[in-house]
Each structure stands twice: as structure tokens, then as C-alpha cells.
Amino acid sequence: MELLQVADTVAREKGIDKQIVIEAIQEAIQKAGRSKYGYDQDIRVVIDDKSGEIALKRYREVVEELIEDEDGEGAEEIGKITLDQAKRINPDAKIGDVYIDDLPPLDFGRIAAQTAKQVIMQKVREAERARQYEEFKDKVGEIVNGRVKRVEYGNVTVDIQGRAEAIMRRDESIPRENFKVGDNIRGIIYEVREEVRGPQIFLSRTHPEFMAKLFMQEVPEIYEGTIEVKSVARDPGSRAKFAVASVDGSMDPVGACVGMRGSRVQAVVNELMGEKIDIVPFSEDIAAFTVNALQPADVVKVILDEDKKRMDVVVPEEQLSKAIGSRGQNVRLASILLGWDIDIMTEEEEANRRAEEFKVRSTLFMEGLDVDDVIAHLLVAEGFTKIEEIIETPIDELVQIEGFEEDIAAELQNRAQTYLDAKATELAEKQSALGIKDDLMEFEGLAPSHILLLGEKDIKTLDDLADLAGDELIELLGEGQMTLKAADEVIMAARAHWFAEEDAAAEAQTAESEAEEAANEEEAAQAAG
């Protein structure tokens, strides 16, 4: 009975099933029994669930002969005896009989007791780890409360209410945040890994989702779903932007998150070591959302490039520093919040850039189409940026331009075609001279001028391009030609055919295996028939 009480106490303390503790004790006693009676013996232990009495039994199965190893010696076979040995016990013995002997209770010596204790503790630890993993694997994304157990080189070990230990790495804690043993701590579980040494639970206080969950705890409307958190951008411990939208059009999502006299947002700020939070109203209109995200700066104009997810934001001269923020913080957080790249410029810079673009495009049309500046300026004013667009535009649309008759529009298209044909011929000649392969020339991720530049630097096939890293591509093309993000996207697009070939090879191998298996089945069926 005392044994069952011990098992019940351990099970409660460790939060595991009592039966697991009893099985661990059984295994420990079995190991001690084999140590006493021989490791070739099949020793089994049964513990009565009600009385706690321990029954020690030895099982022996009768076999014709023991398997011999390469040296001709009897190999160790657990719980087996030969028929000759069995007949000495019982003359009527036959192969397959199993003899069960009751053994006297073990008198544990010091070493046996220590071994038993180690076995029991190992089993209990394994069960505890399994319980912890099962309990926490589905809690990723939840906030937990704990107490600091250890602090080593900035990494904090947290006891989660006696249920498990979690790790918060130094880079997952808010800057200037110092914890001491015994401090209470809150964090979000962002990863749970099952490892040999037990489940590894990782906490974070810098993760954007931590802020979202804190607001969910403070703002009932977010918890209930009437206000949605759209995106979060954080510079932990310094500043954050928090975009929210209301499902109910009559509710002010920003006001609900701020709370009466700022009580709700202040509770989150206090938890995050004074991190300043800009609560931004979300809008499906990306331009309007941008204006909100860049507050407190005033925005004059937003120019979008949806293909590249880039935008130019124009602000008054006196608002420039406010829009950019200290060390670029404001525009960086707004960019993360929107998921777009943002370039900030003043009205004067935007005007100068537009003038330069106007001049460059006008020159392109004047030289390429052999027209005067009046016609070139008209084309640019109508929004044409490339000569190809003139050919792609129907005649009836070109004649809508002021001063353009049908014969002028037709002549412009003829000149545009002549220019493009000459360019294509020149491109083909340069391709041939440089030895650039067609697969690279037909690659749509780079302009022909860039491909020729790469050809001059011995990048002549699509595989040559795919072998590059993003920063190497930028170096070959020259600074300012491409961002690192765009260069990485080009490289991945160039490598797409590699993955396609691997998939095709895998499919071919699978088809071959299936065909071979079908042939074997058919052959077996014919043999059986």
C-alpha cells in the first residue's frame, strides 16, 4: 500500500499518469531481478493495483535448441531453455511449453536500489517531458505568465507556473530590460520544439504578435472580434505602429484601443517598458492607409507602383524629418506595417524628378521616332513611357491626342516599328558577338540592356545567372540599378527551371517505380495462375 501512495504522490507532483509511475517501478524491479538471477532470464513484475503487493516471476519457454553464435557458443537468449533442460524439470515437457516460477521478494542492496531509482526517475522524466510537449505544442501564439528561474548571459529561463520551463533568448527581450531571479514575467510562446533533452519552449517579448495579444487582453472589442488587428510593426522598447479596423462601421477602432483617458493603451505601454505606440486606422485604400501610417507627418501625394509594391510619398519640406523619423524609424515602421517599400521626398525633389523623367522620356521619343520636341512632349504628357506603347495603342486612341491626325498617328507607329526592328537587329548582333545563349536572352526578369551588360562580364547562360547571389548581381550591374530584394527575386526566378527539372525527375522516378511494381504484380499473378 505504501508503494501505491508513493506512486500517487509522484504522479501528482509531476502532473503525469499514476500508471506511468507504477510501470516505471515495475521496470526498475525487473532490471534488479535480472541483475540478481541472470541477464538471460525473463523476469517479470506484477504490482497489484489495490494492495500494492509485488509479485516477481520468471518465464521460461522450451525450445529445441539455443541459437549458436559464430564461435559455436550458446548465444544469450532471454527466457529460453532447451528441451533437454526442460525434461530434467518435467519429463513430459515439450517444445513451446512456458514455465512460470514464483521468485522470492528481492532484497535490494545499495547498488540495486540506486539502479532502480535511476530507472524510475528516467521514466518519470520521459513521461513529464511528453506531458509538457503535449500541453504546450498547441499554445504557440498564447501569452503565458511565469517566474524567472535563471538568468545566464541575458538568456532567461522561465518557470511557467510549475508546469514547464521556457527559454527567452536575450534578443527576444526588450532592450534595457533586466530580469532577476524571482521576477514575474509575461511573454508569448512563439515556438515549441520536441528535442531529445525534452520539449524546448521559446518565449518572446519583442515579437509583434505579443503586442497584438496584449491589446486583446486589454480591449474586449478585439477579443470579441468587433475590432480586427490588421498588422503590427515594432521597434521593441522604442516605438510601434498598430493598425486596427472595425467590423462595425459605427465603432471607432482607434478610440476603443486607446480607452478612457488612454487607460487601455497605457496598460500595454507599461508592459512594454514605455514603448510608444501609434494606433493607426486601417484602410483598404493603400494610399489612405499610407497617409495614416506615416502620422504624425502630413502627406501631400502618394505615387504607387503596384507591380513592385513600391511607393513614392511626397511631403512638405518642413515635414520631411517628421515623416522619416529619428534614424528612419517612422518610415521604416510604416513600410513594415504596409508591406510596401516607401521612398520619402519633398515637393521640390518630386518636381525635379518629374522634370528629369519628362526630359529623359522626351529625348527618347525625339531620338527614337525622329520627331520634334512638341510631339515628344505631347506623348510624355499623355503618359507614354516607352516606344513599344505607341505600337500597342490603337490608332483611334492616338488620334484623341490634341493635334494628332490619323496620318500622323500611323506614321508614328511606323517609325516606332522601324526603331524597334533596328534595336532587335542590334541586340541579336551583340548577342551573337558576346555568345549569350537564347535561354538568358529570353529571360523576362531582366531588361535586354542588363543582359548584354552581364554578357560582357561572362554571364552568358541562364545557369550562369542562377549561380549568382543577389549582391553579386548588383555588383555586376552597378550600384543603383537594382535593390537587393529585387536582385534576390531575379536570382530565384532564374533558378526556377532547376526546381522544375528536379520535380520532373522525381515524377519520372515515381512513375518508373510504379510501372516496375505493376509489372512485378502482374508476373506474380501469372505465376499464381
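The values are calculated or read from the model by the stated rules, or taken from the named source; none is laboratory data. Here the structure is a predicted model, which means the values were calculated and not measured. Quick reminder, even Gly has a Cβ in these numbers, built from the backbone with ideal geometry, and neighbours come from all protein chains shown. Remember, those area values only see protein heavy atoms, side chains included, never the ligands or the DNA or RNA. Shrake-Rupley method; radii C 1.70, N 1.55, O 1.52, S 1.80 Å.
In table form, for the structure just shown:
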item: Solvent-accessible heavy-atom area per residue, rounded to whole Å², over the chain at 1.4 Å; result: 59
item: Fully extended contour minus Cα-Cα distance, from N184 to T157, at 0.36 nm per residue; result: 8.5 nm
item: Where Rh is the Kirkwood radius over Cα pairs, Rg/Rh for the range 255-364; result: 1.08
item: Accessible surface of the chain [probe 1.4 Å, protein heavy atoms]: carbon and sulfur percent; result: 47
item: Label-to-label distance, nm, for residues given as T510 and A130 (7 Å Cα→Cβ offset); result: 3.4
item: The chain - Rg and Dmax from Cα coordinates, angstrom; result: 38.3, 123
item: Nearby aspartates and glutamates by direct alpha-carbon distance to K359 (threshold 16 angstrom, same-chain neighbours under 8 apart not counted); result: E349, E350, E367, D370, D372, D373, E382
item: Angle between the chain longest axis and helix 329-338 axis [Cα atoms, degrees, rounded to 10]; result: 80
item: Reciprocal of mean inverse Cα separation for the range 322-432 (Kirkwood radius, Å); result: 16.8
item: Using a Förster distance of 35 Å, the FRET efficiency for A519-D467 (Cβ separation, nearest 0.05); result: 0.30
item: Area projected by the alpha carbon convex hull of the range 168-224, averaged over all directions, nm²; result: 5.4
item: Equivalent ellipsoid, the range 419-492 (semi-axes from 5 times Cα gyration tensor eigenvalues, Å); result: 21, 13, 11
item: Those lysines that a straight Cα-Cα span of less than 25 Å connects to K57, excepting residues fewer than 8 apart in one chain; result: K18, K31, K36, K80, K87, K94, K117, K123
item: Backbone N under 16 Å from the R147 label point (7 Å along Cα→Cβ), restricted to the range 175-190; result: 180-186
item: Acute angle (nearest 10 degrees) that the helix 496-528 long axis makes with the longest principal axis of the chain, alpha-carbon atoms; result: 40
item: Largest to smallest accessible area among D252, D343 [probe 1.4 Å]; result: D252, D343
item: FRET E, pair R197, T9, Förster distance 22 Å, beta-carbon r, rounded to 0.05; result: 0.30
item: Solvent-accessible surface ranking, highest first, for W498, W340 at 1.4 angstrom; result: W498, W340
item: Mean separation of Cα contacts under 8 Å (6+ apart) over length of the chain, as relative contact order %; result: 6
item: Using alpha-carbon coordinates, inclination of helix 110-136 to the longest axis of the chain, degrees; result: 30
item: Cα-based convex hull volume of the range 302-369 per residue, rounded to whole Å³; result: 92
item: Under Karplus coefficients 6.51, -1.76 and 1.60, residue-wise ³J(HN,Hα) of the range 460-476 in Hz, glycine/proline x; result: 10, 9, 5, 5, 4, 5, 5, 6, 7, 9, x, 5, 5, 4, 4, 5, 5
